[in-house]
1. Based on this model, can you work out whether P191 counts as surrounded by 18 or more Cβ atoms within 10 Å (Cβ to Cβ) and over 11 Å from the mean Cα position of the chain (by Cα)?
2. With the requirement that a residue be part of a loop (DSSP other than H, G, I, E, B) and at pLDDT 95 or above, what does the range 268-311 give you?
3. Under the condition of being in contact with a Ser or Thr (Cβ under 8 Å, 6 or more places away or on another chain) and without any contact (Cβ under 8 Å) to a residue 60 or more places away in the chain, which residue from the range 208-246 is surrounded by the most Cβ atoms within 10 Å (Cβ to Cβ)?
4. Quick one: would you say L331 is buried (at least 20 other Cβ atoms within 10 Å of the Cβ), under 29 Å from A112 (Cβ atoms) and within 19 Å of the chain's Cα centre (by Cα)?
5. Considering only the range 1-54, state which residues are assigned to a loop (DSSP other than H, G, I, E, B) and farther than 23 Å from L190 by Cα.
Amino acid sequence: MVQKVIEASHAVAEAVKLSRVKVIPIYPITPQTHIVEKLAEMINSGDLEASMIPTESEHSAASALFGAQATGVRTFTATASQGLAYMFEMLPIISGNRLPCVMAVANRALSAPINIWNDHSDAVSARDQGWLQLYVESSQEALDATIQAFKISENFDVLLPTMICLDGFTLSHVYENVNIPEQEKVDKYLPEYKPFVKLDPENPITIGPVAFPDTFMEFKYEQQKAINNSAKVIEKENKEFEKIFGRSYGNGLMELYRMEDAEYAIIGMGTLCGTARKTVDNLREQNKKAGLIKIRSYRPFPTEQLIKAAKNLKGIAVIDRHISLGSNGPLFEEIKSALYGRAKDIFVNGFIAGLGGRDITIEHLKKALEMAMKKEDGVWLF
């Protein structure tokens, strides 16, 4: 194992190299560009044996991702913000054809107004398109989750694409200590890719046929089953990863902090969870029984695990870095839906924070949790 001080974007690139990816379609967009630039350096220097396809747009990159994966090779791409929006047509096509692609999304606000900084409006807006979504907190987790994503997606009980969501700039460009595992260990954990099916002139098949009304729902039902299956696979791979590399992230789906006797909890995703840990520590010093529930897997959503974690809580403050305009924060709605009828007497309120890269401070999170303690409705945290 080698320890390096690198930015999260380069940690993702290291994971892609270790995963022996063969085809990388790319189109640069801030703040994910450092990922594919680093991969280009690796290919040019001979450190990575792969084909990089510079495309004319993000839509083209997603289309090339589809085509390459369909031929039976391991693929990767990365994007952000409007780039993910431009890929949108291809997202359900890739997942509907059960292609286990992996894509890093350096989360960035969707325009307008034009904004290059972080929130979750890009990936969260794509939550219904059949992709698994893992949100990471650190550069180390970005590397580890990328390797895990290939193993999870390629499982024959899943066969769905995965997004690794890392906060743009807030994480993607931040330098941290990262342990880079040995190639031999990664090969042990992640064997050579063996596709379930592939395009082959010697064995012709159809990929992407027309589905009439008498079969379309059955296809979607199978996708839903696969996403449900993925929850157990994510948990399994989190344990397997820990056995080999000595690191794990909660149960793989969510991570708990000081929840053993907590009466009130902050719930969030991504880098805000680091600030939330400090907030919880500060509140504990004031004899307030606070805790943190970090949602790592937004799709599949960890409903059963959340119910178990929240069973002794009196109040929850859900922090969203995205708003479904005209409604509320999507994570807030997910939490309410998961707990409805299953957990009594828990006051759940939602807060919109950090849009367009606005800082989320300890004071913001203290205010949110204290409002949950007082059963006050949520607000926008400016």
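1. no
2. From the range 268-311, those part of a loop (DSSP other than H, G, I, E, B) are 269-271, 286-289, 296, 300-302, 311; that's our starting set.
M269, G270, T271, Q286, N287, K288, K289, R296, P300, F301, P302 - these are the residues of the range 268-311 that are part of a loop (DSSP other than H, G, I, E, B) and at pLDDT 95 or above.
3. In this case the residue turns out to be E242.
4. Against the criterion (buried (at least 20 other Cβ atoms within 10 Å of the Cβ), under 29 Å from A112 (Cβ atoms) and within 19 Å of the chain's Cα centre (by Cα)), L331 qualifies.
5. Y27, P28, I29, T30, P31, Q32
Yes/no per residue for (1) more than 21 Å from K308 (Cβ to Cβ); (2) charged (D, E, K, R); (3) free of Cβ contacts under 8 Å to residues at least 40 places away in the same chain:
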{"position": "G341", "(1), (2), (3)": "no, no, yes"}
{"position": "I346", "(1), (2), (3)": "no, no, yes"}
{"position": "I352", "(1), (2), (3)": "yes, no, yes"}
{"position": "T361", "(1), (2), (3)": "yes, no, no"}
{"position": "E370", "(1), (2), (3)": "yes, yes, yes"}
{"position": "E376", "(1), (2), (3)": "yes, yes, yes"}
{"position": "V379", "(1), (2), (3)": "yes, no, yes"}
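For every residue, the table says whether it meets (1) closer than 27 Å to D128 by Cα; (2) surrounded by fewer than 22 Cβ atoms within 10 Å (Cβ to Cβ).
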position: I335; (1), (2): yes, no
position: Y340; (1), (2): yes, yes
position: G350; (1), (2): yes, no
position: L369; (1), (2): no, no
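The values are calculated or read from the model by the stated rules, or taken from the named source; none is laboratory data. Keep in mind the model is a prediction, meaning the values are calculated, not measured. Neighbour counts are summed over all protein chains in view; Cβ atoms, including those assigned to glycine, are modelled from backbone coordinates with ideal geometry.
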